[in-house]
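Right, one structure below, let's go through it.
The values are calculated or read from the model by the stated rules, or taken from the named source; none is laboratory data. Please read all numbers here as calculations on a predicted model, not as lab measurements. Positions of Cβ are backbone-derived with ideal geometry, glycine not excepted, and every protein chain shown enters the neighbour counts.
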Amino acid sequence: MADLKPVEITDLAKITAVSAPQISPDGNRVVFVHSTMDMEEDEYYRDLWMADLQTGKAYQYTSGRRKDQNPQWSPDGSSILFTSTPPTKEDEEKKKPQVYVIDVAGGEARQVTDIEAGVDSPKWSPNGKKILFLSNVKREERESDVKVITRLSYKFNARGFYENLRKHIFTVPANGGKATQVTEGEFDVAIPEWTSNSRAVIFSSNLEEDADLVRRSYLYKVDAKGGEPEQLTNVLMNISGIKVKPGGKEIAFTGHDYHNGSGTNSDVWVMKEGKEPKNLTSDFDQELGTKLSSDIRVSSPGTIPAWSGDFLYFNSCYEGATRLYRVNWKGGKVKKVLGGIDHSVESFTVNQEGKIAYTVLDTTKPIELWKRDGKKSKRVTNLNKDYVKKTDIQGHEQFTFTSNAGHSVEGWLMKPPGFDSSKKYPLILHIHGGPRGAYGNSFIHEFQVLAAQDWAVMYINPWGSGGYYEDYQAELPGHYHEQDYDDLMKAVDVIIERNPWVDPERLGVTGGSYGGVMTNWIITQTDRFAAAVTLRSITNWVSFYGVSDIGWTFGKTEIGGNWWEMEDVFMEKSPIRHVANVKTPTMIIHSEEDYRCPMEQAEQLFTALKVLGVETEFIRFPGENHELSRSGKPKHRKERLEHIIRWFKKYLD
């Protein structure tokens with residue numbers, strides 16, 4: 001152990017991320033995205049790699065483009081499409097991703113699109129002749145740089161302002177040529193999928209005039225040559241994935257109808273045109289997808305639901321781990337395919353014979369690629385082997401307790417390296433975002449860095465977290481800062497009681513987004529914490545309603561209505577109303593282009609704390625958004641962690 005190096009901030013540049021695996025039609029190979037960070041150049045590099053599942057060897061497949069992503073096999077397995085920025089000397093800010101196709105046998109990739117606005121969500125047609133993609137279309141041509149805003153949805157975190165843009169479907173011949181716009185009008189298209197005969201496209205959208213007010217969708221179908229979309233579903237839903245059965249007419253999708261408010265679990269649905277959708281997972285009381293927080297994850301394209309024969313595959317997080325499941329499209333019980341209690345199945349891909357490739361994440365290891373053939377699982381890549389072997393990475397101890405309301409709460413405690421039970425250690429409470437995010441068995445670099453400072457880190461999934469049964473997360477809206485706050489405070493009490501080595505005089509608290517608003521709430525309710533760091537937070541639910549990119553829907557669903565109808569409730573739930581109670585030294589970290597929790601939220605808190613004479617610092621990151629801790633510029637991510645450590649060292653050591 002003495003030879004192992006502690007986890008450092010700059011270890012972010014030593015970790016390789018595996019994402020977006022795509023298995024070949026014959027099940028013999030997997031193409032995936034290989035991502036690394038260069039701290040000196042302040043950049044991320046992403047190339048395609050290929051894994052031979054028969055030999056177990058993985059090798060680099062593309063190079064030189066820096067941002068190769070979204071790989072997909074052609075239906076016949078002879079080619080791979082992907083998106084990348086053109087390898088030119090053009091200003092990086094002006095470079096937009098384009099579609100490329102490369103022969104599996106090798107050679108140079110050929111650029112298929114040249115779209116000024118760039119492309120996303122490319123998909124092969126089932127016959128392999130065309131590729132569809134989404135791109136922004138200007139609503140009107142205007143020479144002025146003045147923004148004329150006429151709708152509620154005019155900005156979005158990480159996307160910026162798009163008041164004059166609509167996202168529509170295009171198609172282009174697979175061998176290149178002129179792109180054809182398929183949809184047009186005053187609506188935005190999401191998650192498009194080809195029909196199995198390559199003649200039409202299914203997509204999610206809302207063509208109604210008041211679409212901005214509800215931010216919910218229907219399914220539509222449009223001819224691949226263009227025309228008026230045909231509405232397929234009649235219930236507004238939160239739709240997160242669409243897949244058409246290969247060679248069939250059945251349409252599967254994931255989503256929910258808000259029957260239990262914003263905390264409703266998504267389900268897997270299947271339908272035929274002209275008939276009502278059938279819920280295949282109504283008895284499966286778990287949310288779909290991976291909920292677990294991780295700051296080394298590179299996002300993969302949505303893979304749920306995924307067809308393989310008569311089965312639909314999906315992953316689901318429950319009690320701190322994400323597992324892979326499947327259900328027959330004709331109905332029946334949901335069955336677990338992969339996963340345990342000590343690791344999480346991240347992205348996955350399955351061919352029509354049921355061969356599976358997937359990525360695995362656990363507390364002490366970054367993401368790697370695995371395969372499943374029959375009943376046997378085997379790791380395919382070990383790209384982080386040297387880093388794991390040489391680094392003193394900490395595991396965590398799971399604990400549970402019964403809340404004051406009678407439900408079970410799950411949490412984890414990470415001890416510092418070289419732990420000595422005869423010593424006293426500071427404890428940092430870290431609160432997840434969401435609010436329906438979750439902690440569990442996943443690698444979180446930030447926790448490892450904090451533990452390496454000789455601090456213990458405690459994290460739980462309080463009432464309202466995702467990754468449990470529906471009522472667990474659906475009871476939070478309308479009841480913020482009630483049972484969730486009580487669970488967090490009792491968790492601290494439980495850890496102190498069960499672990500005499502925890503110093504109750506040296507407690508810290510931090511969290512981002514929902515974790516930020518909870519940090520703000522905590523310091524207005526108690527003085528038990530010696531220091532706090534609030535990240536990308538909410539301080540005022542009334543102003544949040546009007547300035548956030550999702551404020552008018554999120555504020556309404558989470559607090560219980562429109563603020564002008566219940567202003568007292570909105571303000572009572574706002575930490576800023578109770579700010580005169582704060583005595584805890586508090587650092588405020590925020591990104592200047594955060595449109596989810598806009599900068600004015602942090603400004604309100606900083607101004608109040610300064611006027612009140614509370615020790616505080618305000619750290620603003622230019623050019624960053626709500627995703628700073630996960631995908632911000634490498635040097636900014638490094639400095640963010642340096643500020644957090646500096647603040648806690650000042651008050652906890």
Give region 211-225 a look and list any residue that's at pLDDT 95 or above and either farther than 15 Å from L132 by Cβ or exposed (fewer than 14 other Cβ atoms within 10 Å of the Cβ) (or both), or say none.
-> S217, Y218, L219, K225
Find the strands (runs of 3 or more DSSP E) located wholly in region 1-72 whose residues include 2 or more that are closer than 23 Å to H445 by Cβ and in contact with a strand residue (DSSP E or B) (Cβ under 8 Å, 6 or more places away or on another chain), and list them.
-> 17-23, 29-38, 43-52
Could you check E143 against (1) touching a His at 6+ places or on another chain (Cβ under 8 Å); (2) exposed (fewer than 13 other Cβ atoms within 10 Å of the Cβ) and say which number it fails?
-> (1)
Limited to region 112-132, what total is found for residues that are part of a strand (DSSP E or B) and loosely packed, with under 14 Cβ neighbours inside 10 Å?
-> 0
Does E567 satisfy being farther than 13 Å from R536 by Cβ and either of a type in the set (K, R) or touching a Phe, Trp or Tyr at 6+ places or on another chain (Cβ under 9 Å) (or both)?
-> no
Okay, helices (runs of 4 or more DSSP H) sitting entirely in region 564-653 with 3 or more residues that are within 30 Å of E40 (Cβ to Cβ) and under 24 Å from the mean Cα position of the chain (by Cα), I get 628-631, 634-652
For region 279-293, enumerate the residues that are buried (at least 17 other Cβ atoms within 10 Å of the Cβ), on the phi < 0 side of the Ramachandran plot, out of contact with any helix residue (DSSP H, G or I) (no Cβ under 8 Å at 6 or more places or on another chain) and not aromatic (F, W, Y).
-> L280, T281, Q286, L288, T290, K291, L292, S293
Mind checking which residues of region 36-84 are surrounded by fewer than 19 Cβ atoms within 10 Å (Cβ to Cβ) and touching a helix residue (DSSP H, G or I) at 6+ places or on another chain (Cβ under 9 Å)?
-> T36, D38, M39, E40, E41, D42, E43, Y44
Of the listed residues (N265, N197, N260, N234), the one being part of a loop (DSSP other than H, G, I, E, B), in contact with a helix residue (DSSP H, G or I) (Cβ under 6 Å, 6 or more places away or on another chain) and either more than 30 Å from R436 (Cα to Cα) or not basic (K, R) (or both) is N265
Give me a count of the residues in region 542-557 that are charged (D, E, K, R) and at pLDDT 95 or above.
-> 1
Does K67 count as at pLDDT below 95, within 21 Å of P634 (Cα to Cα) and basic (K, R)?
-> yes
Hey, any hits in region 81-98 for a residue that's touching a strand residue (DSSP E or B) at 6+ places or on another chain (Cβ under 7 Å), touching a residue at least 40 places away in the same chain (Cβ under 8 Å) and not in a strand (DSSP E or B)?
-> no
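The rows are residues; the columns are (1) β-branched (V, I, T); (2) within 30 Å of R159 (Cβ to Cβ); (3) in contact with a Phe, Trp or Tyr (Cβ under 7 Å, 6 or more places away or on another chain).
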position	(1), (2), (3)
E592	no, yes, yes
Y595	no, yes, yes
E600	no, yes, no
G623	no, yes, no
I644	yes, yes, no
Hey, among the residues in region 421-435 that are of a type in the set (S, T, Y) and not in a strand (DSSP E or B), which one's surrounded by the most Cβ atoms within 10 Å (Cβ to Cβ)?
-> S421
Has region 214-236 got any residue that is of a type in the set (K, R), more than 30 Å from H259 (Cα to Cα) and in contact (Cβ under 8 Å) with a residue 40 or more places away in the chain?
-> yes
Return the residue satisfying two criteria in turn: it lies in region 450-461 and is of a type in the set (A, V, I, L, M, F, W, C) and assigned to a strand (DSSP E or B), and of such residues it is farthest from T400 (Cα to Cα).
-> A456
Tell me which residues, restricted to region 522-545, are surrounded by fewer than 24 Cβ atoms within 10 Å (Cβ to Cβ) and among the aromatic types (F, W, Y).
-> Y545
Do you know which of the residues in region 303-350 that are β-branched (V, I, T) and not in a strand (DSSP E or B) is farthest from the chain's Cα centre (by Cα)?
-> V334
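Results for (1) acidic (D, E); (2) touching a residue at least 40 places away in the same chain (Cβ under 8 Å); (3) under 22 Å from G464 (Cβ atoms), shown as yes or no for each residue.
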residue	(1), (2), (3)
F544	no, yes, yes
V569	no, no, yes
M587	no, yes, no
E593	yes, yes, no
L612	no, no, no
E617	yes, no, no
F621	no, no, no
Would a scan of region 264-275 turn up a residue that is among the charged types (D, E, K, R), crowded, with 19+ Cβ neighbours inside 10 Å, closer than 21 Å to L152 by Cβ and at pLDDT 95 or above?
-> no
Filter region 495-513 for residues that are farther than 18 Å from Y439 by Cα and hydrophobic (A, V, I, L, M, F, W, C) and give the result.
-> I496, W501, V502, L507
Report yes if some residue within region 538-545 is touching a strand residue (DSSP E or B) at 6+ places or on another chain (Cβ under 8 Å) and either hydrophobic (A, V, I, L, M, F, W, C) or under 29 Å from F156 (Cα atoms) (or both); otherwise report no.
-> no
Scan of region 406-417 for residues that are in a loop (DSSP other than H, G, I, E, B) and surrounded by 13 or more Cβ atoms within 10 Å (Cβ to Cβ), ordered by number | H407, K415, P416, P417
Residues that are of a type outside the set (D, E) and out of contact with any Leu (no Cβ under 7 Å at 6 or more places or on another chain), drawn from region 218-228 | V222, A224, K225, G226, G227
Is there any pair linking a residue in region 402-418 that is hydroxyl-bearing (S, T, Y) to one that is crowded, with 20+ Cβ neighbours inside 10 Å and in a strand (DSSP E or B), with Cβ under 7 Å and at least six apart or on different chains, and which?
-> S403/V409
Matching entry among G464, G395 (being within 22 Å of the chain's Cα centre (by Cα), assigned to a loop (DSSP other than H, G, I, E, B) and not acidic (D, E)) | G464
Restricted to region 505-521, and to residues that are in contact (Cβ under 8 Å) with a residue 40 or more places away in the chain and not in a helix (DSSP H, G or I), which residue is surrounded by the fewest Cβ atoms within 10 Å (Cβ to Cβ)?
-> R506
Per the filter on region 268-298, residues touching a residue at least 60 places away in the same chain (Cβ under 8 Å) and not in a loop (DSSP other than H, G, I, E, B) are L292
